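What follows is one structure encoded as structure tokens, with my remarks underneath.
The values are calculated or read from the model by the stated rules, or taken from the named source; none is laboratory data. From a predicted model like this one, the values you see are computed outputs, not experimental measurements. Methodologically, a virtual Cβ is constructed for each residue, glycine included, from the backbone with ideal geometry; neighbour enumeration extends over all protein chains shown. Quick note on the areas: whole protein, heavy atoms, side chains included, nothing else; ligands and nucleic acids left out. Shrake-Rupley method; radii C 1.70, N 1.55, O 1.52, S 1.80 Å.
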Amino acid sequence: MKNGNSFEIRAKLPGELTIHPGKHPMKKTDLPGVGDIVEPRQEVAFIEAMKMQNQILSPKKAKILEIHATTGEMVKSGDLLMTLEEV
Amino acid sequence: MSLFLETLVSVLASGGLLNLTIGNIIMIGVAIVLLYLAISKGFEPLLLLPIAFGCLLANIPGAGISDEGGLLYYFYTYGLETEILPCLIFMGIGAMTDFGPLLARPVTFLLGAAAQFGVFFAMFLASALGFNIREAASIAIIGGADGPTAIYLTVKLAPHLLGAVAVAAYSYMSLVPLIQPPVIRLLTTQKERETVMEDPKPVSQTTKILFPIVTAIVACLLLPDTTPLVGCLMLGNLLRESGVTDRLFKTAQGEMINIVTILLTLAVGGTMGADTFLTVATLKILALGAIAFAVSTAGGVLLGKVFYVLSGGKINPIIGAAGVSAVPMAARVCQVEGQKANPENFLLMHAMGPNVAGVIGTAVAAGCFLTLLG
């Protein structure tokens, strides 16, 4: 499934995760899920730490291949969140 | 009928309405503005709301709520003058604080110290503006952005300034996101702000347990005047980290600090009577507080820049701004500013190191003032 264009997004800080099928904490819209195409700098997940929702952005335009974590999970810095494929 | 009118007149005359002074009316207005900021704008509502309400009650003529025998008088006399309440707050803060990020990168302790620069700078400025040295120290400590410490020091050195100092300290904490970013941007380059920091090594539980014990011994031996504040802070932290006092930890960081906050903030609000608050000195204090705050931020960021160079570009200088205490608002500002420069930048936890160091730094600065001036 993975090819040379695939890349990973990992947690950048410890905290409580919100990811698909969870909702955007401010806009209350659905966060992108497997198969969705995300734009550069689009929010793909949020990590709440110190009562602050920290946005995790996609670095480039990509298709989400796999999500490795669930909403409500306490993640540590470096935990794998999702695998994407550059499009 | 005439009896009714006479009764009505005598009730009105003895009531508060006819005895309201212009000062009372202005102060009730100030209280309403503070209530508005707390409720509608979310400015530190847990602190500003009860302070504002205490201020409102203190300006009702005839109620005497802050005069000898009044409710808020007792809160002040038994809670603040004795210094019990600020110290209990510090115990709660200790219980709420994870010193892990500081222990993971101990060098950030120095950023918390550098950010006390504004405190000393503001003290000289306040002296130059005509405040005596004890008043100047109480005003300057606002730059540490630590409410309980500011209250603790002011009650000891210049109790007549308590209302103004506390209001400035607490309102500037809510203004952290406005005061700090321009200072950060002025002093750093885009390249410096983009710096992504590596995760530090994890900290062992033994280190976390030893830290409050060792800090209490060292800091209190060096500066015995700081023992009540630092001692309570470290006890609260040991309750958290020891792993064997879970019930006490939960109470200290929950119900205890909440109850104490209500008593402390009402007592502070009660000191905001028109005669003590509506003075030119209050305006000077508000201005000096803002300067102290900005200079403290600058002090932290400038040392952050030194660290940036010394570490070969591995430490983002923005995190120096978190050296003013204001936990965790200042750390959040660092996160926002870092991510503006580079969306891949997550400085929040890195900034918590200097941020919690700032709490200790401000308490130590207060201890220095008490040793020199107390």
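Okay, here's what the table says:
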item: B:Gly361 under 18 Å from the mean Cα position of the chain (by Cα), away from chain A (no Cβ under 13 Å), in contact (Cβ under 8 Å) with a residue 60 or more places away in the chain and open to solvent by 10 Å² or more (accessible area, probe 1.4 Å); result: yes
item: The one condition in (1) farther than 22 Å from B:Ile141 by Cβ; (2) open to solvent by less than 20 Å² (accessible area, probe 1.4 Å); (3) of a type outside the set (Lys, Arg) that B:Tyr308 fails to fulfil; result: (2)
item: Cross-chain or 6+ apart pairs with Cβ under 6 Å, segment B:16-28 first and at negative phi, then outside any loop (DSSP other than H, G, I, E, B); result: B:Leu18/B:Leu12; B:Gly23/B:Ala274; B:Asn24/B:Ala274; B:Met27/B:Ala274; B:Ile28/B:Leu56
item: Total residues in segment A:68-87, condition touching a His at 6+ places or on another chain (Cβ under 9 Å) and more than 15 Å from A:Gln42 (Cβ to Cβ); result: 4
item: Filtered residue count, segment B:329-339, keeping only those that are without any contact (Cβ under 8 Å) to a residue 40 or more places away in the chain and surrounded by fewer than 24 Cβ atoms within 10 Å (Cβ to Cβ); result: 1
item: Inter-residue pairs, beta-carbon under 8 Å, first within 23 Å of B:Met91 (Cα to Cα) and in contact (Cβ under 8 Å) with a residue 24 or more places away in the chain and in segment B:197-215, second hydroxyl-bearing (Ser, Thr, Tyr) and surrounded by 14 or more Cβ atoms within 10 Å (Cβ to Cβ), 6+ apart; result: B:Ile209/B:Ser242
item: Check on B:Leu348, of a type in the set (A, V, I, L, M, F, W, C), open to solvent by 10 Å² or more (accessible area, probe 1.4 Å) and at pLDDT 90 or above; result: no
item: Qualifying residue in segment A:24-46 (condition: more than 18 Å from B:Asp199 (Cα to Cα), at pLDDT 90 or above and basic (Lys, Arg)); result: no
item: Criterion violated by B:Pro86 - all others in (1) buried (at least 21 other Cβ atoms within 10 Å of the Cβ); (2) assigned to a helix (DSSP H, G or I); (3) out of contact with any Pro (no Cβ under 7 Å at 6 or more places or on another chain) satisfied; result: (3)
item: Given (1) in a helix (DSSP H, G or I); (2) free of Cβ contacts under 8 Å to residues at least 60 places away in the same chain; (3) within 30 Å of B:Glu83 (Cα to Cα), number of the condition B:Gly130 does not satisfy; result: (1)
item: Elements of type strands (runs of 3 or more DSSP E) contained in chain A, each with 3 or more residues being away from every other protein chain (no Cβ under 14 Å); result: A:62-67, A:80-86
item: The listed residue being within 14 Å of another protein chain (Cβ to nearest Cβ), closer than 30 Å to B:Met91 by Cβ and surrounded by fewer than 19 Cβ atoms within 10 Å (Cβ to Cβ), out of B:Pro159, B:Pro177; result: B:Pro177
